[in-house]
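Novice: Supplied in structure tokens, the structure appears directly below.
The values are calculated or read from the model by the stated rules, or taken from the named source; none is laboratory data. Since the model is a prediction, treat every value here as computed from it, not as a measurement. Every residue, glycine among them, receives a Cβ derived from its backbone with ideal geometry; neighbour counts consider all protein chains shown.
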Amino acid sequence: MIRVVLTGSESTGKTTLAAQLARHYDAALVPEFVRQFAEAKGGMIEFTDHGPIARGQMALEDAQIALGRPVVVQDTDLLSTVVYCKHYFGHAPDWIVDEAAARAPDLYLLCEIDLPWIADGVRDRGHMRDEMQQLFRDAVMSSGAPVAIIRGDAPERIDRAVDAVDALLLAQSPDAAAEEDSDP
């Protein structure tokens, strides 16, 4: 099984692309827990909300991973929780930082900010896109997980994402492992 996580700042097409990839690979799809949480709360997220948000995200991930499909596509992961927590509150709980590292995916797809920002009632950082995106770039690059940059219009994005996932699948296939073992 491989896990692919879409990440990036607000309004970068993550949800749309995650759904497209899940369809393409007949993969399990993990939605973004914080969106549901924020909509249900109807107000600003507070520092104390990050524990329930992290636990909710992990539960969604674990439920989809338990299905045993070869590919799991995640609309986000705990690294996003860490980035936003640090941005809004100056720090993130250590246990969430540790869980984010322990749950690092096989591949991050970092969606760039070259799509128009769209307000939706939950998003609030349209005026800070460059700054927020840099926080995500820094976080994924320091995560130790492989990263593919996704940019362009919708057709380009799905093509780039499929290319990146296909390369990962090929690298992890039994045939690729057998070829590595037979190299002198």
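Novice: Mind checking which pairs have a first residue in the stretch 8-31 that is of a type in the set (D, E, K, R) and a second that is surrounded by fewer than 22 Cβ atoms within 10 Å (Cβ to Cβ) and in a loop (DSSP other than H, G, I, E, B), Cβ under 6 Å, 6 or more apart or different chains?
Specialist: Glu10/Arg123; Glu10/Arg125
Novice: I would also like to ask the following. Could you tell me whether Ala66 is farther than 12 Å from Glu10 by Cβ and either touching a residue at least 12 places away in the same chain (Cβ under 8 Å) or surrounded by 19 or more Cβ atoms within 10 Å (Cβ to Cβ) (or both)? It would help to see each step written out before you state the result.
Specialist: Details: farther than 12 Å from Glu10 by Cβ: yes; either touching a residue at least 12 places away in the same chain (Cβ under 8 Å) or surrounded by 19 or more Cβ atoms within 10 Å (Cβ to Cβ) (or both): no.
So Ala66 does not fit the description; no.
Novice: When you go through Arg23, Arg35 one by one, which is the residue that is surrounded by 14 or more Cβ atoms within 10 Å (Cβ to Cβ), basic (Lys, Arg) and assigned to a helix (DSSP H, G or I)? If you could, list the steps in order and put the result at the bottom.
Specialist: On the way: Arg23 fails: surrounded by 14 or more Cβ atoms within 10 Å (Cβ to Cβ).
Being surrounded by 14 or more Cβ atoms within 10 Å (Cβ to Cβ), basic (Lys, Arg) and assigned to a helix (DSSP H, G or I) holds for just one of Arg23, Arg35, which is Arg35.
Novice: Taking the conditions exactly as written (crowded, with 17+ Cβ neighbours inside 10 Å, part of a helix (DSSP H, G or I) and at pLDDT 95 or above), does Leu17 satisfy them or not?
Specialist: Details: crowded, with 17+ Cβ neighbours inside 10 Å: yes; part of a helix (DSSP H, G or I): yes; at pLDDT 95 or above: yes.
So Leu17 passes the test.
Novice: Separate question: Just to check your reading of the model, which residue among Ala104, Ala63 is hydrophobic (A, V, I, L, M, F, W, C), out of contact with any Cys (no Cβ under 9 Å at 6 or more places or on another chain) and over 20 Å from Ser142 (Cβ atoms)? Give the steps one after another, and end with the answer.
Specialist: On the way: Ala104 fails: over 20 Å from Ser142 (Cβ atoms).
Within the list Ala104, Ala63, the selection yields Ala63.
Novice: For the stretch 70-101, name all the residues that are surrounded by fewer than 17 Cβ atoms within 10 Å (Cβ to Cβ) and over 13 Å from Val140 (Cα atoms). Quick ask: steps written out before the conclusion?
Specialist: Going through the stretch 70-101, the residues surrounded by fewer than 17 Cβ atoms within 10 Å (Cβ to Cβ) turn out to be 70, 86-91, 94-95, 98, 101.
Within the stretch 70-101, Pro70, Lys86, His87, Tyr88, Phe89, Gly90, His91, Asp94, Trp95, Asp98 meet the criteria.
Novice: Going through the stretch 54-63 one residue at a time, which ones are crowded, with 18+ Cβ neighbours inside 10 Å and not aliphatic (A, V, I, L, M)?
Specialist: Hits for the stretch 54-63 are Gln57, Glu61.
Novice: For the stretch 39-53, which positions are surrounded by 13 or more Cβ atoms within 10 Å (Cβ to Cβ), more than 18 Å from the chain's Cα centre (by Cα) and aliphatic (A, V, I, L, M)?
Specialist: Matches in the stretch 39-53: Ile45 only.
Novice: Is it the case that some residue within the stretch 54-68 is under 11 Å from the mean Cα position of the chain (by Cα) and either at pLDDT below 95 or part of a loop (DSSP other than H, G, I, E, B) (or both)?
Specialist: no
Novice: Is it true that Thr7 is β-branched (Val, Ile, Thr), modelled with pLDDT under 95, within 23 Å of Ala167 (Cβ to Cβ) and out of contact with any His (no Cβ under 9 Å at 6 or more places or on another chain)?
Specialist: Working: β-branched (Val, Ile, Thr): yes; modelled with pLDDT under 95: no; within 23 Å of Ala167 (Cβ to Cβ): yes; out of contact with any His (no Cβ under 9 Å at 6 or more places or on another chain): yes.
Answer is no for this residue.
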